[in-house]
Number of protein chains: 2
Amino acid sequence: MPHEINPEFLRHAIRLATRNAVNGAGGPFGAVIVRNGRMISEGVNTVTASHDPTAHAEVNAIRAAATALGTFSLEGCELYSSCEPCPMCLAAAYWARVDAIFYGASAADADRAGFDDARLYKEFTTEPADRTLPARQLLADEARASFVAWVESPNKIDY
Amino acid sequence: MPHEINPEFLRHAIRLATRNAVNGAGGPFGAVIVRNGRMISEGVNTVTASHDPTAHAEVNAIRAAATALGTFSLEGCELYSSCEPCPMCLAAAYWARVDAIFYGASAADADRAGFDDARLYKEFTTEPADRTLPARQLLADEARASFVAWVESPNKIDY
């Protein structure tokens, strides 16, 4: 671990999660983003309240931190989450380039409380053709033109 | 496939992607959400423009569709994406409960254009301890209290 762990940040995320569950605002999930020992954002699950299936605690915390810092990169930051991030949130953490993740409950715990996290992880180790959500490729040649345009674009901002 | 495929929706997503690359607004990715043969939202990659590492085309399209419909569930909808969804966007599609995904370019194509999609997929078939982004569990017992609060909460809205 490149960064020092401070359990108090995780306790804060857990308190956010519990409060969110008790007051009915959303799922029992909370997360905070920390940089240099200072909390720069927090998030709770707002899927039902905000009509947004992507509004998990970690995604909300990542978005808020990036807004606060005015950048799409959270390099140098840690993500503390009350629960092991689901595949969406784990991938979001990679794209955000956080340095480390610290979490409390496991995906199996989430599963026992009625959330699909563990089942969703299994889909990622399943061949695409055998997944429960069908995905089909078409127009591959036409689609590659977008990448050619990107590579040749003088206006692009790499990320 | 439960739904009819209409390649014109994918062509529209590809046009969005190419335009986004050419005008420098963001990565070369576009997506649309379709329901009953009608496009209800579109999205392009706005990671750099909006300082949001989660603002991929598919996530933006999913969020816009959910807002348009006033619900967190996109059951009965299809996602058309100019490129195979990355793990974040694939998981977002599961959480959004779309019925099917149609995509153009592959994750390998994205990789060749400089995007981390294929590498990121590999992380999901790698044991957590061996991943490039370290994740560590702590305070598991304390964290489970959030799920107990959820299960017992009379205010919860299942999703």
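In nanometres and ascending order, the distances from the A:R15 label point to those of the other copies are 5.3 (point 7 Å from Cα along Cα→Cβ). The mean count of C-beta atoms from other chains within 10 Å of the C-beta of residues in A:63-71, rounded to a whole number, is 3. By the helix-only formula, in which each DSSP H run with n ≥ 4 contributes -39500 (n - 2.57) and the sum is divided by residues, the protein assembly as shown has a 222 nm mean residue ellipticity of -12500 deg cm²/dmol. The alpha carbons of the stretch A:61-159 occupy a box of 47, 40, 17 Å along the principal axes, longest dimension given first.
Averaging Cα coordinates gives a centre for the stretch A:40-63 and one for the stretch B:90-108; these two points are 20 Å apart.
In sequence order, the stretch B:116-123 has phi-based couplings of 8, 3, 5, 4, 5, 4, 5, 4 Hz under the Karplus curve 6.51 cos²θ - 1.76 cosθ + 1.60, θ = phi - 60°, and Gly or Pro positions carry x.
Averaged over peptide A:130-136, the number of partner chain Cβ atoms lying within 10 Å of each residue's Cβ comes to 6. Taking label positions 7 Å along the Cα-Cβ direction at both A:A118 and B:A108, the computed distance is 3.4 nm, reported to one decimal. If I build a Gaussian network model for chain A, linking alpha-carbon pairs within less than 10 angstrom, which residue out of A:D117, A:D141, A:D130 has the largest mean-square fluctuation? Per the Cα network of chain A with a 10 Å cutoff, A:D141 tops the list. Legend: residues B:E152, B:E123, B:E42, sorted from most to least accessible area (1.4 Å probe; ligands, DNA and RNA excluded), read B:E152, B:E42, B:E123. Remark: the stretch A:5-156 carries a charge dipole of roughly 380 debye about the Cα centre, counting +1 on each Lys and Arg Cβ and -1 on each Asp and Glu Cβ. Normalised by 2.2 N^0.38 Å, where N is the number of residues, the C-alpha radius of gyration of the stretch A:68-119 stands at 1.25. Of all chain A residues, the closest to the A-onto-B rotation axis by Cβ, with that distance in whole Å, is A:F124, 2.
Counted by Cβ distance under 14 Å from B:N23, the other residues give a net charge of +2, where Lys and Arg count +1 and Asp and Glu count -1. The share of C-alpha pairs in the protein assembly as shown whose separation exceeds 38 Å stands at 10 percent. Label point of B:D158 (7 Å along Cα→beta-carbon): distances to the other copies' equivalent points are 4.9 nm, sorted ascending. Using all pairs of distinct alpha-carbon atoms, the Kirkwood hydrodynamic radius of the stretch A:1-119 works out to 13.9 angstrom. Using a probe of 1.4 Å on the protein chains alone, the accessible area found for B:V22 is around 80 Å². The mean sequence separation of alpha-carbon pairs under 8 Å and at least six residues apart, normalised by the residue count of the stretch A:1-62, gives a relative contact order of 26 percent.
Chains A and B together bury roughly 7900 Å² of accessible area, counting both sides, with a 1.4 Å probe on protein heavy atoms only. Neighbouring Cβ atoms from other chains, within 10 Å of the Cβ of residues in A:14-21, number 5 on average.
Backbone amide hydrogens, once placed in the peptide plane, bring B:D116 within less than 5 Å of nothing, excluding anything fewer than 5 places away on its chain.
The values are calculated or read from the model by the stated rules, or taken from the named source; none is laboratory data. Keep in mind it's a predicted model, so treat the numbers as computed, not measured. Cβ coordinates were reconstructed from backbone atoms using ideal geometry, including for glycine residues, and neighbour counts include every protein chain displayed. The area values use the complete protein model at the heavy-atom level, side chains included, leaving out ligands, DNA and RNA. Shrake-Rupley method; radii C 1.70, N 1.55, O 1.52, S 1.80 Å.
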